[in-house]
Amino acid sequence: QVHFVESGGGLVQPGGSLRLSCVASLRLISIYTMGWYRQAPGKQRELVATITVGGTTNYADSVKGRFTISKDNAKDMVVLQMSSLKPEDTAVYYCNRGTTPTDSWGQGTQVTVSS
């Protein structure tokens, strides 16, 4: 059964950093491109970063240079390191396949950037 467990969110001041983690089932990260998504209140879910099976990364323009996606195949884990956070980064963050997401979204982890 496909499932994702995200963690690491919280409240942080502008300019701060957070590290999000996602554990995926069924060894998905070793088979598929994986991605981090976010959904802000009243907005559609958007893809912010992807990492291929081979480790090639790609980022949305809004986070390029501030976020870094990585993975640990042995732990079935995908990580999103976020720095220089802005209030507009406030959202619930999810992980899933990075090209065609599955229908099994996790609970997500809330990131709030506020002073």
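The values are calculated or read from the model by the stated rules, or taken from the named source; none is laboratory data. Remember, predicted model here, so these are calculated numbers, not experimental data. All Cβ positions, even for glycine, are placed from backbone atoms using ideal geometry, and neighbour counts span all protein chains on display. In case anyone asks, the SASA skips ligands and DNA or RNA and just uses the protein heavy atoms, side chains included. Shrake-Rupley method; radii C 1.70, N 1.55, O 1.52, S 1.80 Å.
Some values worked out for this structure:
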{"item": "Rh by Kirkwood over Cα pairs, then Stokes-Einstein D for the chain at 0.890 mPa s and 25 °C, µm²/s", "result": "177"}
{"item": "For the chain: accessible area per residue (Å², 1.4 Å)", "result": "52"}
{"item": "Most fluctuating residue given options SER104, SER70, SER30, as computed from a GNM of the chain linking Cα atoms under 10 Å", "result": "SER104"}
{"item": "Mean separation of Cα contacts under 8 Å (6+ apart) over length of the stretch 1-68, as relative contact order %", "result": "21"}
{"item": "Neighbour-limited loop hits for trypsin sites (Lys or Arg not before Pro), the stretch 30-115 (at most 11 other Cβ within 10 Å; DSSP other than H, G, I, E, B)", "result": "LYS43, LYS64"}
{"item": "Relative intensity, log₁₀ I(q)/I(0), of the stretch 9-69 from a Debye sum that treats every alpha carbon as a point, q = 0.20, 0.29 Å⁻¹", "result": "-0.93, -1.35"}
{"item": "Anchor LYS86: lysines whose Cα lies under 25 Å away (excluding residues fewer than 8 positions away in-chain)", "result": "LYS43, LYS64, LYS71"}
{"item": "Fully extended contour minus Cα-Cα distance, from GLN1 to LEU26, at 0.36 nm per residue", "result": "8.3 nm"}
{"item": "Relative contact order (%) - the stretch 70-114, alpha-carbon pairs under 8 angstrom, separation at least six", "result": "37"}
{"item": "The chain - percent relative contact order, Cα under 8 Å, separation 6 or more", "result": "38"}
{"item": "Cβ-defined net charge surrounding ILE29, 14 Å radius [Lys, Arg +1; Asp, Glu -1]", "result": "+1"}
